[in-house]
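Please read the structure below before turning to the comments.
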Ligand SMILES: [Zn+2]
């Protein structure tokens, strides 16, 4: 089984070509270059695009724009290549790269995305229950290193590979392949305008 | 056939157009109802919806044309100007479709797309002509010498004409989108009932912000309860002022530039009073006035195609260069 996996939810987008569990190629880039990186990864792996049998894509949470780029690429690829796709949470992929660690993604606006009781959630870094001595990975952990380390958490160095949601993990975690139309992004926040309407602040 | 995609604002659109300019499919999924609750287009809401709609809209267009991806020779897509997050959804989809089948990609300027709505069959308009392009985001006078581009000879210094319609509709309590609502109500009103002046600016430029202010004062001057009774008169007078400004500037520019032909494109070109006032001009077909992908595919016939795979890292742009 040949799986093309990619994730564009965070600043470091990743691509991997995995066949029967063996990583044939893996790359990192910016989200806007994702298709370029897919092309390069397939060439590096010696896999024709028509030989791709499954897609695995990161569903976030992360940057809304980056996340959408990955999902629209997956949906369109699935349609054009006629292959099934599966979504994998970017938090789950990060966690899979560092067993035992807590994944923390920068949610902008002074907040983080993380897993709480296995559920993706958004909260202020100060509200994350830090376990002294335990490991925190992801661009949010790097950004809020001070907050986490002050309370005894451990954050690997900025250049550590542990902070990257490597797409090999998406390929490994992907299950329940099906129509790409079902793949939903994990936004975890409603748009500001919707909040304004609900709070009665926006008058039309 | 050219497969066109358009996602620059709040319409998700796909179309199939032949090299001769014949429209085989033209699918537009409007998000207007979705944005009505916010009183205008919300970029983040639009981007989320585009993600959901692009693939179904493309599939629908192919089905309408009785075609498959194998029948597509090039993919055209709006690169800008527009909402950057919304543009990126369409651009990513277009790149992926083109890449999957090793097709060329044609990035299209959205404004060129509106002009190219005149180059579709039947009834393609031959340049040269002076083109009034009036939408919710732009109000431009364009000197169109050939089908590949245009030269801007006038623009709005503040609000776009379509924006003026939307703001006026909001002041009159007509909701969003405002253009069609004002057009409808204006038919029951007296366009000379209120004097709403449009600022005169030098050259061939437009200014509509003063008009909106004049409407604010006109509404305020009415006694409570009177607004309801005079709403149609206000709508008619307001529409008359916008149309007068558009027509006046267009005719003046055509005369100054010696243009033999005048054309009107964009969402505001669907306004009935504007169409009547410029009945002698080439008017974009009603179905092609508001954003659609047929016009994008049409423009692609006269734009530069990027061969596979040179477009993989292509970016979108939010504002006109
Ligand atoms: Zn437009």
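The values are calculated or read from the model by the stated rules, or taken from the named source; none is laboratory data. As the structure is a prediction and not an experimental result, all values here were calculated from the model. Quick reminder, even Gly has a Cβ in these numbers, built from the backbone with ideal geometry, and neighbours come from all protein chains shown.
Here are some notes:
- Filter result for residue B:82 (under 20 Å from residue B:49 (Cβ atoms), touching a helix residue (DSSP H, G or I) at 6+ places or on another chain (Cβ under 7 Å) and either within 16 Å of the ligand (Cβ to nearest atom) or assigned to a loop (DSSP other than H, G, I, E, B) (or both)): yes
- For the range B:177-194, the condition holds for at least one residue, the condition being that it is within 14 Å of chain A (Cβ to nearest Cβ), in a loop (DSSP other than H, G, I, E, B) and within 16 Å of the ligand (Cβ to nearest atom).
- Test for residue A:100: is it touching a strand residue (DSSP E or B) at 6+ places or on another chain (Cβ under 8 Å) and without any contact (Cβ under 8 Å) to a residue 40 or more places away in the chain: yes
- Here the condition is being more than 14 Å from chain A (Cβ to nearest Cβ) and under 30 Å from residue B:74 (Cα atoms); of B:313, B:259, B:303, it holds for B:303 alone.
- Matching option when the condition is farther than 30 Å from residue B:43 by Cβ and surrounded by 19 or more Cβ atoms within 10 Å (Cβ to Cβ), among A:153, A:140, A:146, A:157: A:153
- All positions within the range B:89-125 that are within 14 Å of chain A (Cβ to nearest Cβ), buried (at least 24 other Cβ atoms within 10 Å of the Cβ) and in a helix (DSSP H, G or I): B:89, B:90, B:91, B:92, B:93, B:94, B:95, B:96, B:97, B:98, B:99
- Yes/no for residue A:87 being in contact (Cβ under 8 Å) with a residue 12 or more places away in the chain and under 19 Å from residue A:153 (Cα atoms): no
- Failed condition for residue A:70, given (1) within 11 Å of chain B (Cβ to nearest Cβ); (2) over 16 Å from residue A:187 (Cα atoms); (3) touching a helix residue (DSSP H, G or I) at 6+ places or on another chain (Cβ under 9 Å); (4) crowded, with 22+ Cβ neighbours inside 10 Å: (2)
- Near pairs, Cβ below 9 angstrom, 6+ apart or cross-chain, from the range B:287-308 (surrounded by fewer than 24 Cβ atoms within 10 Å (Cβ to Cβ)) to any residue that is modelled with pLDDT under 95: B:306/B:314
- When residue B:257 is tested against the conditions (1) away from the ligand (no atom under 16 Å from the Cβ); (2) under 30 Å from residue B:106 (Cβ atoms); (3) buried (at least 16 other Cβ atoms within 10 Å of the Cβ), the lone failure is (3).
- Restricted to the range B:99-124, and to residues there that are over 16 Å from residue B:293 (Cα atoms) and in contact (Cβ under 8 Å) with a residue 40 or more places away in the chain, the residue that is farthest from the ligand (Cβ to nearest atom) is B:102.
- The combined condition, being modelled with pLDDT of 95 or more, within 13 Å of the ligand (Cβ to nearest atom), more than 30 Å from residue A:6 (Cα to Cα) and surrounded by 22 or more Cβ atoms within 10 Å (Cβ to Cβ), is fulfilled by residue B:139.
- Qualifying residue in the range B:50-68 (condition: within 30 Å of residue A:193 (Cβ to Cβ) and within 16 Å of the ligand (Cβ to nearest atom)): yes
- Flag for residue B:214 being in a loop (DSSP other than H, G, I, E, B), away from the ligand (no atom under 16 Å from the Cβ) and more than 14 Å from every other protein chain (Cβ to nearest Cβ): no
- Conditions (1) surrounded by fewer than 17 Cβ atoms within 10 Å (Cβ to Cβ); (2) in the same structural domain as residue A:6 (by TED's automatic domain parsing); (3) in contact with a strand residue (DSSP E or B) (Cβ under 8 Å, 6 or more places away or on another chain); number of the one not met by residue A:181: (3)
A quick yes/no check of all residues on (1) outside the structural domain of residue A:179 (by TED's automatic domain parsing); (2) surrounded by 21 or more Cβ atoms within 10 Å (Cβ to Cβ); (3) at pLDDT below 95; (4) not in a loop (DSSP other than H, G, I, E, B):
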{"site": "A:36", "(1), (2), (3), (4)": "no, no, yes, yes"}
{"site": "A:41", "(1), (2), (3), (4)": "no, yes, no, yes"}
{"site": "A:44", "(1), (2), (3), (4)": "no, no, no, yes"}
{"site": "A:56", "(1), (2), (3), (4)": "no, yes, no, yes"}
{"site": "A:76", "(1), (2), (3), (4)": "no, yes, no, yes"}
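Conditions tested, residue by residue: (1) touching a helix residue (DSSP H, G or I) at 6+ places or on another chain (Cβ under 9 Å); (2) modelled with pLDDT under 95; (3) away from every other protein chain (no Cβ under 12 Å); (4) over 16 Å from residue B:177 (Cα atoms).
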site	(1), (2), (3), (4)
B:15	yes, no, yes, yes
B:24	yes, no, yes, yes
B:31	yes, yes, yes, no
B:36	no, yes, no, no
B:42	yes, yes, no, no
B:47	yes, no, no, yes
B:58	yes, no, no, yes
B:63	no, no, yes, yes
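- Criterion: farther than 13 Å from residue B:165 by Cβ, in a helix (DSSP H, G or I) and within 16 Å of the ligand (Cβ to nearest atom) - qualifying residue of B:232, B:287: B:287
- Qualifying residue in the range B:155-163 (condition: within 24 Å of residue B:40 (Cβ to Cβ), more than 16 Å from the ligand (Cβ to nearest atom) and buried (at least 21 other Cβ atoms within 10 Å of the Cβ)): no
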